[in-house]
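Novice: My questions will all concern the structure given below.
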Amino acid sequence: MIKQTLLVALITLTMLGGRAAYGQQQDKEANRVRTREMLAQLLKKSAPELKVSFVQSQKQPFNFLGSLKTGLVNAESLEIVISVTPNDTIGFRIYPHYKNGYINIDKAKNSPGLMRLLLTLSDQAFLFWGVDETGDVFTGYTFTLESGFPEESLKTVLMSIVNSDKFIGEMRPFIDGSVP
């Protein structure tokens, strides 16, 4: 009798836990959708001042894509990817386009020098610098959403993207040996 009672209790707890987990998953997805919609409104409102039009990605509906081309001296453009992740974060990845392509550490004239500069810039600049799995250089920022939607902070990052262009000038000697 005790074994049956324990077995029933275990089955009940398992079933309730499954429902609770399913409910939490639904809430998490609903929050992600709500965050995406809030971000879409912010990007639409900020587009004229930024001189960037953002579009929702067809391949990944939680990504927004934009390209900054004005106000740049060193890069041809800055490709902006903003992602609303399943983990309650918003991630910015900005890929500089230089001489008709991405900056890639494997194709750089001085890869170790470029990587050292990226590490130094991550320590000194507002946005961090990194390299993706294909070796392409990007700058970025990641927000956690624990305290809600950080509209003013997002605007600050959006307005700071153009400042990344000056660092492309610092990278040029390592990329192709040219001087800014």
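Novice: Determine the relative contact order of the chain: mean sequence separation of Cα pairs under 8 Å and six or more apart, normalised by residue count, in whole percent. List each step's numbers first, then the result.
Specialist: Numbers: 238 pairs, mean separation 32.6, N = 180.
Relative contact order for the chain comes out at 18 percent.
Novice: Hey, could you get me the Stokes-Einstein D for segment 57-145, Kirkwood radius over alpha-carbon pairs, 25 °C and 0.890 mPa s, rounded to whole µm² s⁻¹? Spell out each step's value before the answer.
Specialist: Working: Rh = 14.0 Å.
Value of D from the Cα-based Kirkwood radius: 175 µm²/s.
Novice: Now, a different point. In debye, nearest 20, what is the charge dipole magnitude of the chain about its Cα centre with +1 on Lys and Arg Cβ and -1 on Asp and Glu Cβ, if you could check?
Specialist: Values: 19 positive and 18 negative charges, 65 e Å.
Once rounded to the nearest 20, the dipole reads 320 debye.
Novice: Looking at segment 125-180 from every direction and averaging, what is the projected area of its Cα convex hull in nm²? Can you show the working numbers first?
Specialist: Details: hull surface 19.7 nm².
Computed as one quarter of the Cα hull surface, the answer is 4.9 nm².
Novice: Right, something else. Apply the Karplus curve 6.51 cos²θ - 1.76 cosθ + 1.60, θ = phi - 60°, to the phi angles in segment 168-180 and return the couplings in whole Hz, x for Gly and Pro.
Specialist: After applying 6.51 cos²θ - 1.76 cosθ + 1.60, I find 5, x, 5, 7, 3, x, 7, 6, 9, x, 7, 10, x Hz.
Novice: How big is the chain by Rg and Dmax over its Cα atoms, in Å?
Specialist: Rg then Dmax for the chain, in Å: 21.9, 84.
Novice: Ignoring ligands, DNA and RNA, please state the percent of accessible area on segment 54-162 from carbon and sulfur, probe 1.4 Å. Please list the in-between numbers first.
Specialist: Details: 2860 of 5760 Å².
Carbon and sulfur atoms account for 50 percent of the accessible area of segment 54-162.
Novice: Using a 1.4 angstrom probe on the protein heavy atoms only, line up Leu121, Leu72 by accessible area, largest first.
Specialist: Output order, biggest surface exposure first: Leu72, Leu121.
Novice: For the chain, report the accessible area per residue in Å² (1.4 Å probe, heavy atoms, rounded to an integer). Provide the component values of the computation, followed by the final result.
Specialist: Values: 10900 Å² over 180 residues.
Per-residue accessible area for the chain comes out at 61 Å².
The values are calculated or read from the model by the stated rules, or taken from the named source; none is laboratory data. It should be emphasised that the depicted structure is a prediction, and the values quoted were computed from it without experimental measurement. Glycine also receives a Cβ, built like all others from the backbone with ideal geometry; neighbour counts cover every protein chain displayed. We work out accessible area using only protein heavy atoms, side chains counted, and drop any ligands, DNA or RNA first. Shrake-Rupley method; radii C 1.70, N 1.55, O 1.52, S 1.80 Å.
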